[in-house]
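Scroll down for the structure; my scribbles are underneath it.
Please treat every number below as a calculation from the coordinates, not as lab data. Just so you know, these numbers come straight off a predicted model, no measurement behind them. Virtual Cβ from ideal backbone geometry, glycine too; neighbours counted across all protein chains shown.
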Amino acid sequence: MQSFSFEQTEIAGLVLIQPFIAPDKRGYLMKSFERKIFVEHGIDLTPYEEIASCSQKGVLRGLHFQREHCQDKLVRVLHGAVYDVAVDLRRDSPTFGMWRGFTLSAQNQTMLYIPKGFAHGFLALEEGSVMNYLLGAQYVKEADGGIVWNDPELAICWPVEQVDELLIAEKDRMLPSFSTFRAAWGGLPCKVGVTS
């Protein structure tokens, strides 16, 4: 039996999580979220909505965020594998503009908690990769924002060599640069260490 484990990353609040798993000869039982345990580990996620996306191999989504009504999220892969990226956009954060990427897959069962104030995106590494998002706030279309995936200043090292071709929505190709975002907004109004 594997109990929950929580691994802080170099960016405050960005946490890698292994879920509770009880395997036996029939398969396994997994618990991916229990509010009390998460709160004990500094994650005060109150789920508002849950969504899923299915992507062909090579689909790159992001980098997305909400300028207001910031969402924290717990992301995991139900099928396939993705390279998942979070970028710290919290205005007062000492790691503002820093990104981290992680391989999340149905096989490794690793989850990522992304606090409020981050941009998020991923590259699907396998066909039919299904991402699950447990979100702490409602999606608000008017607050939708983004930064282009290949911004030279952020210099994210996407593992594009692992896919035959990139499939990117026109909307995502047209997202602004990190410098344009900074000039317009200065960062997101989310405090480091504040999860509610």
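So here's what we get for this one:
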{"quantity": "Residue exposure sequence - Val39, Val15 - by fewest surrounding Cβ within 10 Å", "calculated": "Val39, Val15"}
{"quantity": "Local electrostatic count at Thr110 - Lys and Arg +1, Asp and Glu -1, tallied over other residues with Cβ under 11 Å", "calculated": "-1"}
{"quantity": "Estimated FRET transfer efficiency when R0 is 30 angstrom, pair Met30-Trp185 (beta carbons, to 0.05)", "calculated": "0.20"}
{"quantity": "Counting all C-alpha pairs of the chain, share separated by more than 25 Å (%)", "calculated": "33"}
{"quantity": "Counted charge near Ala119, where neighbours are those whose Cβ lies closer than 15 Å (Asp, Glu -1; Lys, Arg +1)", "calculated": "+1"}
{"quantity": "Entries of Lys57/Lys141; Lys25/Lys57; Lys73/Lys141; Lys31/Lys116; Lys116/Lys171 with Cα pairs more than 20 Å apart", "calculated": "Lys57/Lys141; Lys25/Lys57; Lys31/Lys116; Lys116/Lys171"}
{"quantity": "Alpha-carbon radius of gyration plus Dmax, which is the widest Cα pair, for region 90-151 in Å", "calculated": "13.6, 38"}
{"quantity": "Label-point separation, Glu49 to Glu170 (7 Å along Cα→Cβ), nm", "calculated": "2.4"}
{"quantity": "Projected label distance in nm at Glu40 and Leu78, using a 7 Å step from Cα toward the beta-carbon", "calculated": "2.8"}
{"quantity": "Kirkwood-based Rg to Rh ratio, region 126-171, C-alpha trace", "calculated": "1.00"}
{"quantity": "Distance in nm between pseudo-label sites at Gln8 and Phe20 (7 Å out along the Cβ direction from Cα)", "calculated": "2.4"}
{"quantity": "FRET E, pair Asn108, Val160, Förster distance 22 Å, beta-carbon r, rounded to 0.05", "calculated": "0.60"}
